[in-house]
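Right, one structure below, let's go through it.
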Amino acid sequence: MISGQILQSTINGLKNITKYEISVVDKDGKIIVSTESDIIGTTIDFIIDFIKSMAESMTSKGYNYFKVFDNGVVEYIVCIKGEESDAYRIGQLATFQIQNLLIAYKERYDKDSFIKNLLLDNLLLVDIYARAKKMNIETQLLRVVCVIEINTEENINILDQIKEYLPTRTKDFLTVVDQKSIIWIREIKENESKEELEDISKKFQDVLFSHTGKNFKISMGRKINDLKYVSLSFKEAKMALEVARIFYPEKTVINYEELGLGRLIYQLPDMLCKMFMDEVLGNITVEYFDDEILTTVNKFFENNLNVSETSRQLYIHRNTLVYRIDKLQKITGLDVRSFDDAIIFKMALMVSKYMDYKNENYYN
C-alpha cells in the first residue's frame, strides 16, 4: 500500500495543475487523503457497493469515482469533484497516476522483500537467480555488505536520509532487518582496496553525522562476486560489529578482514576458552591484577615489547617498569619480555574479556 504522505503529495500536485479537488478512498469507503482537508477521515457509504459492482467508474452527487486495481482487485477509489467531461478526464489521469504509483511501490516492496530474504539466507539457490532475473538484479557483480549500527527506533527516517545521499547508486540496496541496524549492499569496483573501502565508509559516516548529529559504527564483510554470497558477507559484517564491541570499542569503521586475534577468539567454544584460562592463570583471574599492572602491560604490548619507549610514555623509570614486569612474572610464571609469553598473556587478556562479555549478555 502506498504511504498516505505520497498519496497526499500526488493529489496536491495534480490539483495545482488541474484546479480540481481530488480525494483517495480506501476499500472500506474511508477518505484517506484529499485536497479538501475537511472531509479526510469521513466515510462514503455507497463505495462498498461500487467496489462490488462491475463498473470501473461512476458519477454520483457531484463527484466522479474511479477504481484503482491491484492484480484485478480494487485497492483504492479516486474521487474527483465535478460531473463535467473535464472532471472525468482529470479523474482518468489521476487514476492512471496512482495506478502507476501502486505498481512502483509493489515492485519496490517485492525487491526489498527479496533482499531481506537473501540476507537472512531464506532462499534456495534456484530462487535467487530466478527472482533476481525477474527483477533485473545483476547476479555477477562485485559487492560488499555493510551494517550501519543504529540502535534506535528512528532507523526508517535515517534510511530515507541515506537513500537521499545515494540517488545515483542504482545497483546498491538499502534495507532494514531489525531496529538496531541498516543494511547497505554496496557495488564496488574491481580494484578497490580495503583502505579505499574504509575511507568511503568514513566519509559516509561524516554525511550521516551532518544529517542526524549522531555517530554510527559501520562494519563490512568480505567482497563477494555473486549474489548468492550476500548472506555470507552479511554474517561477517555482523560478526565484525560484535567482535569490535568486545575487543576494539574505539573503532568506528570495522572490516571483517582486519579483526586479527579478536575474530579467532570470538569463534572459540566456551570450554576451550576455560581450559586455556585455567592453563595460563590457574586459580586466579584477570581481575586479580591491579590497574597499574594491566596498564603497564598493555602499553608494553603497544610498543612492541620495547622497555625504554614504554617507560618513557608512562613517565616512569625503566627500573619501575622492570619491577612491574617481574611482579607479573612471579604471579603467572610468564615473562612478557619474551615474545612467546607475551602472546600467551595477550591472548589470556582477550579471552577473559570475551568470556566476561558472553556472561554479561547471557544473564542480561
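The values are calculated or read from the model by the stated rules, or taken from the named source; none is laboratory data. Computed from a predicted model, the values in this text were never measured in an experiment. As a convention, Cβ positions derive from the backbone with ideal geometry for all residues, glycine included, and neighbour counts pool all protein chains shown. SASA here: full protein model, heavy atoms, side chains in, ligands and nucleic acids out. Shrake-Rupley method; radii C 1.70, N 1.55, O 1.52, S 1.80 Å.
A few notes on this one:
- In angstrom, the C-alpha Rg and Dmax of the stretch 1-106 are 12.3, 33.
- Given a 1.4 Å probe and the protein chains as shown, T170 ends up with an accessible area of around 120 Å².
- Between the C-alpha center of the stretch 295-360 and that of the stretch 23-75 there is a gap of 75 Å.
- Mean shadow area of the stretch 12-72 over all directions, Cα convex hull, nm²: 4.7
- Unit charges on C-beta of K, R, D, E only; dipole of the chain, Debye: 480
- At q = 0.10, 0.13, 0.14 Å⁻¹, base-10 log of I(q)/I(0) for the stretch 205-364 (Debye sum, equal scatterers on each alpha carbon): -0.49, -0.77, -0.86
- Element breakdown for the chain at a 1.4 angstrom probe: carbon and sulfur atoms account for 51% of the accessible area.
- Charging the Cβ of each Asp and Glu at -1 and of each Lys and Arg at +1, and nothing else, the dipole of the stretch 1-149 about its Cα centre rounds to 360 debye.
- Of the two radii for the chain, the radius of gyration is 1.19 times the Kirkwood radius, both from the alpha carbons; that is the Rg over Rh value.
- The longest stretch of the chain left intact once loop-based chymotrypsin sites (Phe, Trp or Tyr not before Pro) with at most 16 other Cβ atoms within 10 Å are removed from consideration, loops following DSSP, is 47-314.
- Note on the chain: antiparallel DSSP beta bridges, both residues inside, total approximately 90 percent of the bridges counted.
- For the set S210, S201, the ranking by accessible area, highest first and with no ligand, DNA or RNA atoms included, is S210, S201 under a 1.4 Å probe.
- Per residue, the stretch 1-139 exposes 57 Å² of accessible surface when a 1.4 Å probe is rolled over the protein heavy atoms with every protein chain present.
- Magnitude of the charge dipole, the stretch 236-315, Cβ model with Lys/Arg +1 and Asp/Glu -1, debye to 20: 180
- Accessible area of the stretch 232-364 divided out per residue, in Å², using a probe of 1.4 angstrom: 58
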